[in-house]
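I have placed the structure first, in the form of structure tokens, so that the comments after it can refer back to it.
The values are calculated or read from the model by the stated rules, or taken from the named source; none is laboratory data. Bear in mind the structure is a predicted one, so any value in this text is a computation, not a measurement. When we count neighbours, we look across all protein chains shown, and the Cβ atoms used for this are built from the backbone with ideal geometry, even at glycine.
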Amino acid sequence: MMIRFLRPAFLSFVVRAYLFVLCLTTIIWCCVVGRSAWYDSSTANIAGRILEGEYYPPLTLLAWISRSSVQSNIPVRASTLNKLAIIRLRLVEEAIVFGNTTDLDTQFDALDAALYLALSNSPSDPYLWTVLFWLSNTRNGLSHQNWRFLRFSYELGPYEGWIAAKRNRLSIALFASLPQDIETAAVAEFVNLVRSRQYEDAFAILSGPGRPIRSLLAQRLKDIPEADLRPFVKMWGDREIEAILIPGVSVPPGRPWR
């Protein structure tokens, strides 16, 4: 009789214990996943604003990076590793701008590690391949082996506008040294910037690193409809810079008071 009396009570205890453990596990899982999702979202937001030109103090960025999985055991997705590499890039840029040579080697090492970690988890990110190309050249000088990084970038993301603007500036600056296939891709990329009406980016490239090859780049614009080219050509006159000559496109007259 005692055994029959205890069995339902024991089963009830087991069921309640199981439910308690299940609820506790669920709460812990939600806390970990929720914290991870918040960190991923916030990191993506910071990296996006950096790419748009927003300024963050280096100490703020370092503090944020310290919250990654290595320091805080927060699970980090591959996409977040990419964003952390972008934050690392900004820290390198800050060290270069302010001439902080003592900190620069440390930042270079940290960026290099962040890039390889990100690309090992997500090797299809064309922007990070461009950054790796830049970093390798900056640290070790231009070499034949480094071209593969830029080549990967063009193969993986040939038409991504915001990447193209940054990558093309770098490629055109090195135009005299480019392998033939990358040279062709770089010129086509510049033309596509104008075709997609990214006039400010194209203007900055043509008036900056592209100045020595202005005639070549201008010639390649001839197949773009004149209606799309005219605003771009007009920018030169408006900014009091010598106009470029594009076949089939008339140059607007200068300002009457000039």
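Numerical summary
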read-out: Which numbered condition I182 fails, given (1) touching a strand residue (DSSP E or B) at 6+ places or on another chain (Cβ under 7 Å); (2) in a helix (DSSP H, G or I); value: (1)
read-out: Test: residue in segment 120-137 that is in contact with a Phe, Trp or Tyr (Cβ under 6 Å, 6 or more places away or on another chain), not assigned by TED's automatic domain parsing to the domain that holds G237 and not aromatic (F, W, Y); value: yes
read-out: Of the criteria (1) modelled with pLDDT of 90 or more; (2) of a type outside the set (D, E, K, R); (3) farther than 24 Å from G53 by Cα, which one A202 fails; value: (3)
read-out: Set L206, L178, L193: member being crowded, with 17+ Cβ neighbours inside 10 Å, over 18 Å from I246 (Cβ atoms) and within 25 Å of the chain's Cα centre (by Cα); value: L178
read-out: Matching residues, segment 139-168, being over 14 Å from the mean Cα position of the chain (by Cα) and farther than 11 Å from P126 by Cβ; value: R139, N140, G141, L142, S143, H144, Q145, N146, W147, R148
read-out: Enumeration of residues in segment 159-188 that are closer than 22 Å to I50 by Cα, without any contact (Cβ under 8 Å) to a residue 60 or more places away in the chain and not acidic (D, E); value: Y159, G161, I163, A164, A165, K166, R167, N168, R169, L170, S171
